[in-house]
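**Q** Below: one structure in structure tokens.
What follows is calculated from the coordinates using simple rules that are stated; it is not laboratory data. Remember, it's a predicted structure, so these values are computed and weren't measured experimentally. Because the Cβ atoms are built from the backbone with ideal geometry, glycine has one as well, and the counts that use them run over all protein chains shown.
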Amino acid sequence: MPRTRKAQRRLYQAAAVAVLLFFTPITAVHAYSASYQRGPASVPYEPVAVVFGAAEHDGYPTPYLARRLDVAAELYRRGKVTVILVTGATAPGYDEPTAMRDYLVRRHGVPAARIVRDFAGRDTWESCVRVKKIFGVDHATLVTQDFHLPRALLLCHAAGIGGYGVGDSGAGAAGEEELVHDSAREVLAGFKALGQAVLQPDPRFLGKKESGVADALAAAGKATGRTAAGGAG
């Protein structure tokens, strides 16, 4: 009997260690990013907001993506950002960045000239790398759901982009069940994020540098008389 209790105790200890190790990556991601999260009213001004894609259907953003875009539009209205860079995936018959731009224009009246599209943001890390290397953005306000925001902040900072993030709670956007599922998925994504932050793999597609952000900021500066330097180099 004592041997049985001893074996059970060791089993419980092993299980506790396994659980601790399982949650360590996402805990580290959240601990790192906590001080960089802000609300729409308190986030400092940055010339550029980066909105991460989250699927579209028949040319319309999914509920999660629409909520992200609503946050970006609020930042624009508040004068917290000048240009919105939307980054997402594309495929034949599928175009996240265009659906994002069209939603911002039609639903919120954001001028199309203030929206720049990145068509090869296949995941969070690749979006961050492209925002830095292709569009030349050194500082930005990141916009996504709040369960995804810690990972986005970690990866964009690792890619060389400074700045804060503003998250949407997502409550009611896609249903409570979907919110729980996606939040749980972030636990596994923490392992991938730490690996990408450390190893910094090259994106599957990088391509040539694009001047879209710099051009949009320059045009905005001419239109408003406001200097928007420092957002893109």
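**Q** For residue 50, enumerate residues with amide H under 5 Å from its amide H, sequence gap 5+ or separate chain, H modeled in the peptide plane.
**A** 85, 141, 142, 143
**Q** Would you calculate the separation in nanometres between label points at residue 41 and residue 223, each defined as 7 Å from the Cα along the Cα-to-beta-carbon direction?
**A** Distance between the two pseudo-spin positions: 2.8 nm.
**Q** Among 49-55, 109-115, what's the highest-first ranking by average C-beta atoms within 10 angstrom per residue?
**A** Top of the packing list down: 49-55, 109-115.
**Q** Sticking with this one: What ranking of 133, 208, 222 emerges when the number of other C-beta atoms within 10 Å of each C-beta is taken as an exposure proxy, fewest first? Mind dumping the intermediate values first?
**A** On the way: 133 16, 208 5, 222 10.
Sorted ascending by nearby Cβ count, the order is 208, 222, 133.
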